[in-house]
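Right, one structure below, let's go through it.
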Amino acid sequence: MDAGVLAGLPREQAWKVALENMMGSVAMLQQTGLHPRQLLDINNSPGGVGMHGLYELNNSDFAAGLQRSVLAAVKRTTELGVK
């Protein structure tokens with residue numbers, strides 16, 4: 001949403017666009033049963049807009065940050081379950 005605002009969209013419109021994209025992604029995953037990487041390959045043309053965005057995302061350490069946050073939550077949940 002913040003990226004949409006940065007690009008010039010009003011916040012409410014950016015929220016709607018972000019939500020529609022998330023819902024569409026989930027629907028595609030559910031309907032096709034494909035791995036997310038397969039959907040990326042299907043929906044992104046070589047050298048296209050999506051691939052440029054993905055390139056920046058990959059260079060940001062975003063995926064590793066998500067993994068670290070999930071592992072930290074699992075660790076804490078385990079700790080709380082022991083008590």
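The values are calculated or read from the model by the stated rules, or taken from the named source; none is laboratory data. Computed from a predicted model, the values in this text were never measured in an experiment. Using ideal geometry, Cβ is built from the backbone for each residue, glycine included, and neighbour counts are taken over all protein chains shown. Quick note on the areas: whole protein, heavy atoms, side chains included, nothing else; ligands and nucleic acids left out. Shrake-Rupley method; radii C 1.70, N 1.55, O 1.52, S 1.80 Å.
Filter the range 24-40 down to the residues that are surrounded by 11 or more Cβ atoms within 10 Å (Cβ to Cβ) and within 26 Å of residue 3 (Cα to Cα) and list them by number.
Selection gives 25, 28, 29, 38, 39, 40.
What are the residues in the range 42-54 that are in a helix (DSSP H, G or I) and open to solvent by 90 Å² or more (accessible area, probe 1.4 Å), if any?
Restricting attention to the range 42-54, the residues satisfying the condition of being in a helix (DSSP H, G or I) are 42-43, 49-54.
Once the filter is applied, which keeps residues that are in a helix (DSSP H, G or I) and open to solvent by 90 Å² or more (accessible area, probe 1.4 Å), the range 42-54 yields 42, 43, 49, 52.
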Here the qualifying pairs (Cβ atoms under 6 Å; residues six or more apart or on different chains; first in the range 1-29 and closer than 16 Å to residue 39 by Cβ; second surrounded by 10 or more Cβ atoms within 10 Å (Cβ to Cβ) and modelled with pLDDT under 95) come out as 28/39
Output the residues belonging to the range 63-78 that are open to solvent by 100 Å² or more (accessible area, probe 1.4 Å) and either in contact (Cβ under 8 Å) with a residue 60 or more places away in the chain or of a type outside the set (Lys, Arg) (or both).
-> 67, 71
Open to solvent by 100 Å² or more (accessible area, probe 1.4 Å), modelled with pLDDT under 95 and within 14 Å of the chain's Cα centre (by Cα), is that true of residue 20?
-> no
Identify all residues within the range 17-41 that are in a helix (DSSP H, G or I) and in contact with a helix residue (DSSP H, G or I) (Cβ under 9 Å, 6 or more places away or on another chain); write none if there are none.
-> 17, 18, 25, 28, 29, 32, 36, 38, 39, 40
